[in-house]
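Notes to accompany the following structure.
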2 protein chains.
Amino acid sequence: MIPEKTIERLSKYRRYLLEKLEKQEEYLYSHELAAALHLTPEQVRRDIMLIGYTGTQRKGYSIKELIDVISKILDGDKKINAVIIGMGHLGKAISNYFSIKRSNIEIVAAFDIDSNKVDRIISGIKSYHVDNLDLIINETDAKIAILTLSPAGAQDITDQLVYAGIKGILNFTSITLRVPEDVYIENYDMITSLEKVAYFVKESIDNEGTL
Amino acid sequence: MIPEKTIERLSKYRRYLLEKLEKQEEYLYSHELAAALHLTPEQVRRDIMLIGYTGTQRKGYSIKELIDVISKILDGDKKINAVIIGMGHLGKAISNYFSIKRSNIEIVAAFDIDSNKVDRIISGIKSYHVDNLDLIINETDAKIAILTLSPAGAQDITDQLVYAGIKGILNFTSITLRVPEDVYIENYDMITSLEKVAYFVKESIDNEGTL
DNA sequence: AAATAATTGTTATTACAATAACATTGTTTT
DNA sequence: AAAACAATGTTATTGTAATAACAATTATTT
């Protein structure tokens, strides 16, 4: 079993490696990757060890091979479909982010309650009324939902999503969702992130000059 | 020194407590807070211990007092100003999130390079051309920047921000930024988050039925 | 061909975070 | 008034992640 933090880094490694591949580069060293992502070379080597890939000493890691190994871990062999719930600014922002296909994840549909935002294509994604949630999720066999709606209706929608067969949720509403334990939730809370930054800024300002 | 993870939870505690306060409730138990946020009561008590607040046995914690103690930790005594760089969908989404003032953080300005998006008020925030970065940041004494621009210009902007006196960055561009070590960076990478969800969903589907 | 240098792979250590255990204390009940 | 209970505060333990150390190996240099 690969640790969660390693999975996160693998995602970042792959993106960096893909850039390098575009530049026709063939090999890279652990310390290069580490420097680029502000990590230690040991961490990079350890992660790569964990996924069972081995480089060649003195030469480093084959960029192409490493991408393949990471992709096998992250993507598996089959594609996975995702839907977005809520086509406000945040929903649109995320749609744009993923309009360039990376990896094996595809956003296949979006949902909203606003009649002005449904039954048309927004940021390249077909948008439906939430009433069609169950139908479309089943048709597309989507397994992931990205929640970018207002907190008010979030738990209700989540229940529907779980019923429709969703197995993973990326939650941008700042509320804590209740789901069965076989559903994986990744919470992202902007308010908390900003308050955290504010705290550490305040701390560093207060401690200025002191050692 | 309060651990990073505790700071994150304090932010969430406060929001939950504020809700309770609105409902005129006066006291709550560690296990209530824990249940609401999917934590253990021990963790909650430990966090509260770390910030030096004590409840009363058998009665629990005073909601009002606890909010005050948390606020003192998170906010300190002075307000802190923030700016947003990039008024695309993500920038607007964040502006809306923070249009309701919570805590002591205020978003005082936004910047963009698009002439259609500058010199007017967007989502309640005055928007300027990036050429005015240094000027406005100094005028407003902003210490935090929220980066919601495209990756291309991010490092260049970051250098300008640091020069202008920004001490904390909430980074939504998926690139790794170089900054002096007295600048605190919180990275949020949507692509990584989604790939992580996809990985754990895939794992759980693959392991269905096995124990 | 031998020595050196540079890099990987792995193990050991340290640090950090979460969980569990338990002692303490105040309230309620009998 | 005593006993039982239910909550807190704190210490101890466990688990997870990051760092460091080092052995093994391969290329390069002399």
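Tabulated data for the structure shown
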read-out: For A:K126, inter-copy label distances in nm, listed shortest first [label point 7 Å out on the Cα-Cβ vector]; value: 4.7
read-out: Efficiency of FRET from Cβ geometry, B:Y163 and B:E25, R₀ 45 Å, rounded to 0.05; value: 0.40
read-out: Volume in Å³ per residue [convex hull over Cα atoms, computed for region A:80-192]; value: 100 Å³
read-out: Mean projected area (nm²) of the alpha-carbon convex hull when region A:4-73 is viewed from all directions; value: 4.1 nm²
read-out: Compactness of region A:126-211 - radius of gyration and Dmax, Cα, Å; value: 18.2, 61
read-out: Chain B, relative contact order in percent, only Cα pairs under 8 angstrom and at least six apart counted; value: 13 percent
read-out: Hydrodynamic radius (Kirkwood) for region B:1-133, which is based on Cα pairs only, to one decimal in Å; value: 16.8 Å
read-out: Entries of A:K92/B:K64; A:K23/B:K92; B:K5/B:K202; A:K64/B:K5 with Cα pairs more than 32 Å apart; value: A:K92/B:K64; A:K23/B:K92; A:K64/B:K5
read-out: Accessible area buried between chains A and B, both sides summed, probe 1.4 Å, in Å² to nearest 100; value: 6100 Å²
read-out: Shortest-first nm distances, A:Q24 label point to equivalent points in other copies (7 Å, Cα→Cβ); value: 7.6
read-out: Stokes-Einstein translational diffusion, the protein assembly as shown - Kirkwood Rh over all Cα pairs, 0.692 mPa s, 37 °C, in µm²/s; value: 141 µm²/s
read-out: Shortest-first distances to equivalent copies, position B:L50, nm, label 7 Å out along Cβ; value: 2.2
read-out: Extension gain from A:L135 to A:Q155, taking 0.36 nm per residue of separation minus the Cα-Cα distance; value: 5.3 nm
read-out: Separation between Cα centres of region B:133-188 and region A:1-67, rounded to whole Å; value: 27 Å
read-out: Axis-nearest residue in chain B [Cβ, rotation onto A], distance in whole Å; value: B:H89, 2
read-out: The protein assembly as shown: calculated mean residue ellipticity at 222 nm from DSSP helix runs of at least 4, using -39500 (n - 2.57); value: -14000 deg cm²/dmol
read-out: At 1.002 mPa s and 20 °C, Stokes D of region A:117-176 from Kirkwood alpha-carbon radius, µm² per second; value: 177 µm²/s
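The values are calculated or read from the model by the stated rules, or taken from the named source; none is laboratory data. The model shown is predicted, which means the values in this text are computed figures rather than measured ones. Counting neighbours? That spans all protein chains shown, and the Cβs are built from the backbone with ideal geometry, glycine included. For the accessible areas, the whole protein counts, side chains as well, though only heavy atoms, and no ligand, DNA or RNA atoms are used. Shrake-Rupley method; radii C 1.70, N 1.55, O 1.52, S 1.80 Å.
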